[in-house]
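The values are calculated or read from the model by the stated rules, or taken from the named source; none is laboratory data. Fair warning: this is a prediction, and the values are worked out from it, not measured in the lab. Backbone-built Cβ (ideal geometry, glycine too); neighbour counts: all protein chains shown.
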Amino acid sequence: MENEYKIQFDNISKAFPGVLALDNVSFGIKKGTVHIIMGENGAGKSTLVKIINGSYELTQGKMFIDGKDTVFRDTHEAEKAGIAMIYQELQYIPYFTVERFLMLCREPLWFPGFINWKELNVQAKKMLDSQGLVYDLKARMSDLTVSDIQLLEVIRAICASSAEVIIMDEPTSALSSKEVERLFDNIRMLKQRGLTIIYISHKMDEIFRIADYITVLRDGRHIHTAPAAQLTNESLVKLMVGREISDVYPKGHGEPGEKTLEVRGLCSYSTKIKDVTFYAKRGEILGLGGLMGAGRTETARAICGLDHIDEGEITINGKKVKIRNVSDAVRNGIMMATEDRRKYGLTLCRSIKENISLASLRLISRMMFVNNKKEQQMTKSLFDRLSIRAPGLATKVETLSGGNQQKVVLSKWLMSDPKIFILDEPTRGIDVGTKFEIYKLMVELANTGMTIIMISSELPEFVGMCDRAYIMHNGTIVDELSHEELSQENVLYIAAGGRKSA
């Protein structure tokens, strides 16, 4: 093996029951470079990096690290060999404190078996100080936002002093633009130190800012590896999906109808949202925008009965309703696909069929007994409609890619026939091809008269898909933008505390 390569794959394959996740993949990753791995969900990206970090064993082929034939039996062996990884899905222990999480597996000891808690606190604080971050070290991870947890996972991996290779699987999916800039500065610094960065992302606007080389996988096969300078957005999309996508945001549905949802003076003291007032129309894709922490998700959670409402009223089709819990919301046709699909949207150890039907048991049951034939028919219809890539309905959800897991979440709520469907970061961690499928689904649902409320931190997506938008700042709505007024510049300016011109 050539010395310029840190890692090289020689015809590697990985098979799971019923699925060939990687099929004779061969390419190399050069030392001291930022190497981007791209592909649709299910292309084999996460499987590949989990082979590098010891989560999976090869079915066939060889992996060479520094020219040496290497097989890691588990993640601990990989860590000892200098491989650190930030996973796409959040990996944390909810009851751990921030300091305990940051120092996990690197705890300073008085002597074997006894942690030096004072020194652990000192080292955790140094870790945060090095990044200019301030967190309560005694706060529990379960009390933090998705953005906070992801940022801490990034910092924990970056500060692993023994790491020679850092794998980042969708590290920016829940980060603000400011946090993304901090991450990119860290990546450049790590590269200058000679570390090799393997980076998985679906965000086209990110990759060309940091990439030295890009590899494209499709259906488990290696399609292309080239210097980033030789590729463009258009050529990458074509390599990833095997076809050109000419219209990224497939709009074109009809004019919105009458008001379906009206929210007036909504307040939730526990989540610090205050005096939130807005309306949504039938057949409309309404945006709820703002920076991280502005109150977008908190507003959606309150409307869906996940958080307590202290003041205000909600009207559906002209009738005032009480939303005290999720059951009340579902009964009134309000449903929500949350931003953290693994924590709130899925039962990972169960099958696709069970996950899809879970919220609609009343439709397929009689006298407390499930009609298996009806369940099979209804779930199979959604399985086919959303093109979920899996061997079948019996496949466990935990084995699916992020994009296919998201399709299962959407299928679950579609089976319950929502009238008002709230989508919180619906394409987080999803490839461009699957994003396009979800966009088309949103337009299709709007055309049937469904009201869709979309929360998204990806500005091109937010501007491209929404008919109209409300922008939040410090827990309240500060402005409304018509379709003509929607632009990335307007959204950012208002979200940061500005006001649109009269």
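Within the range 190-224, which residues are under 26 Å from Glu437 (Cβ atoms), aliphatic (A, V, I, L, M) and assigned to a helix (DSSP H, G or I)?
Residues satisfying the conditions are Met204, Ile207.
For Tyr470, are the conditions met, namely being over 22 Å from Gly293 (Cβ atoms), of a type in the set (Phe, Trp, Tyr) and either crowded, with 19+ Cβ neighbours inside 10 Å or within 21 Å of the chain's Cα centre (by Cα) (or both)?
no
Could you tell me whether the range 329-341 includes any residue that is of a type outside the set (Ser, Thr, Tyr) and under 17 Å from Ser268 (Cα atoms)?
Yes, that holds for at least one residue.
Which of the residues spanning the range 302-334 are crowded, with 18+ Cβ neighbours inside 10 Å and closer than 19 Å to Met450 by Cα?
Ile303, Cys304, Ile314, Ile316, Ala329, Val330, Asn332, Gly333, Ile334
If you go through the range 365-382, how many residues are in a helix (DSSP H, G or I) and over 31 Å from the mean Cα position of the chain (by Cα)?
Qualifying residue count for the region: 3.
Yes or no, residue by residue, for (1) exposed (fewer than 13 other Cβ atoms within 10 Å of the Cβ); (2) in contact (Cβ under 8 Å) with a residue 24 or more places away in the chain; (3) in a helix (DSSP H, G or I); (4) in the same structural domain as Met38 (by TED's automatic domain parsing):
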site: Tyr95; (1), (2), (3), (4): yes, yes, no, yes
site: Lys118; (1), (2), (3), (4): yes, no, yes, yes
site: Leu128; (1), (2), (3), (4): no, yes, yes, yes
site: Asp136; (1), (2), (3), (4): yes, yes, no, yes
site: Gln150; (1), (2), (3), (4): no, yes, yes, yes
site: Leu175; (1), (2), (3), (4): no, yes, no, yes
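Checking the condition assigned to a loop (DSSP other than H, G, I, E, B) and at pLDDT 85 or above, which residue from Gly132, Gly54, Gly61 passes?
Step by step, each of Gly132, Gly54, Gly61 is checked, and only Gly54 is assigned to a loop (DSSP other than H, G, I, E, B) and at pLDDT 85 or above.
Would you be able to say whether some residue in the range 225-247 is in contact with a Ser or Thr (Cβ under 7 Å, 6 or more places away or on another chain), of a type outside the set (Gly, Ala, Ser), within 30 Å of Ala163 (Cβ to Cβ) and not in a loop (DSSP other than H, G, I, E, B)?
The answer is yes, given that some residue of the range 225-247 is in contact with a Ser or Thr (Cβ under 7 Å, 6 or more places away or on another chain), of a type outside the set (Gly, Ala, Ser), within 30 Å of Ala163 (Cβ to Cβ) and not in a loop (DSSP other than H, G, I, E, B).
Inside the range 319-343, can you point out the residues that are free of Cβ contacts under 8 Å to residues at least 24 places away in the same chain and either at positive phi or not in a loop (DSSP other than H, G, I, E, B) (or both)?
The answer is Lys319, Lys320, Val321, Val326, Ser327, Asp328, Arg331.
Ser270 - would you say it is assigned to a loop (DSSP other than H, G, I, E, B), of a type outside the set (Lys, Arg) and either more than 14 Å from Ile37 (Cα to Cα) or under 21 Å from the mean Cα position of the chain (by Cα) (or both)?
When the stated conditions are applied, Ser270 passes them.
Which of (1) more than 30 Å from the chain's Cα centre (by Cα); (2) within 23 Å of Arg342 (Cβ to Cβ) does Val122 not meet, given it meets every other one?
Every listed condition holds for Val122 apart from (2).
Using the structure shown, decide if Gly429 is surrounded by fewer than 17 Cβ atoms within 10 Å (Cβ to Cβ), in contact with a Gly (Cβ under 9 Å, 6 or more places away or on another chain), at positive phi and in a loop (DSSP other than H, G, I, E, B).
Spelling it out, it is not the case that Gly429 is surrounded by fewer than 17 Cβ atoms within 10 Å (Cβ to Cβ), in contact with a Gly (Cβ under 9 Å, 6 or more places away or on another chain), at positive phi and in a loop (DSSP other than H, G, I, E, B).
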